[in-house]
Amino acid sequence: MFRKALVLAAGVGSRLGAAAGDVPKPMLRVRGKPVLERHVEQLVAAGVEEIWINLHHRGEVIRDYFGAGERCGARIRYSEEETLLGTAGALKRLEKEFSGGDFFVVYGDNVGACNYRALAAAHRPGTVLTVALCHKDEVALSGIVELAADGRVVRFAEKPRPGEEFSHWVNAGFFAASPELLTLLPEGASDFGHDIISQLLAAGREVRGFVLAAPVTGIDTPELLASADVLGVDPMAVSVTVSIAPAGVC
């Protein structure tokens, strides 16, 4: 059973400009609810009992909203990063906390739904990382994978250049991971997309793919934020606000 998760929420969101104001990107609201809160709700519904959130830009906003997790049904803990460590470096810093069993890693600034129980079931013994995937027509800003017939990832490329696209299956930002992965991560800053997944494949480690039932979108730009169309959100009627309530309700 997956009892722990790391939700990555340290990004600055510089490309959002005025759309983000002075709010951490994962705390931007889609239909009145922060994106980060949606992730917490889904994880708790799947039986996750302890959620770590890494912080950097305006981390106090996230702390004030979620507190210790009393309203959410899970223990919430925080990892403050004075210097950004990247998506994998954030996990390496918490190696001791996640060494006791399989766990989830979630990109907290993506809008989308993941069946975490199904993702956990797809994570087989001997696999160090199972990557949730969704289909995208435009993949220039995504990490793409080539899947074997048995679901193994056999090739990965982060943000392929024009003419070098070999797949439309992209990293959706939900991972199931084994504790063995922690020992394979380098000290310091590193990124799953730019560094780790390709290195795991080159070393002969087993990485698998898990196809999601619905698309996932980032909120990296005002246009992406306004057109978020997963979780039942109508792209023509998205309500976006940067106001933050004094406490989370989950």
Counting only residues that are among the hydrophobic types (A, V, I, L, M, F, W, C) and out of contact with any strand residue (DSSP E or B) (no Cβ under 9 Å at 6 or more places or on another chain), which one in region 172-205 is most open to solvent (accessible area, probe 1.4 Å)? A202
For region 67-169, list the strands (runs of 3 or more DSSP E) that sit wholly inside it and hold at least 3 residues that are open to solvent by 40 Å² or more (accessible area, probe 1.4 Å); which are they? 75-80, 153-158
Only residues that are of a type outside the set (K, R), open to solvent by 10 Å² or more (accessible area, probe 1.4 Å) and out of contact with any Cys (no Cβ under 9 Å at 6 or more places or on another chain): list them for region 33-64, please. A45, G47, E49, E50, W52, H56, H57, E60, V61, D64
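The values are calculated or read from the model by the stated rules, or taken from the named source; none is laboratory data. Everything numeric in this text was worked out from a predicted model, so none of it was measured. Note that each Cβ is placed from the backbone with ideal geometry, even for glycine, and that neighbours are counted across all protein chains shown. Each accessible area value is taken on the protein alone, full model and side chains, heavy atoms only, with ligands, DNA and RNA left out. Shrake-Rupley method; radii C 1.70, N 1.55, O 1.52, S 1.80 Å.
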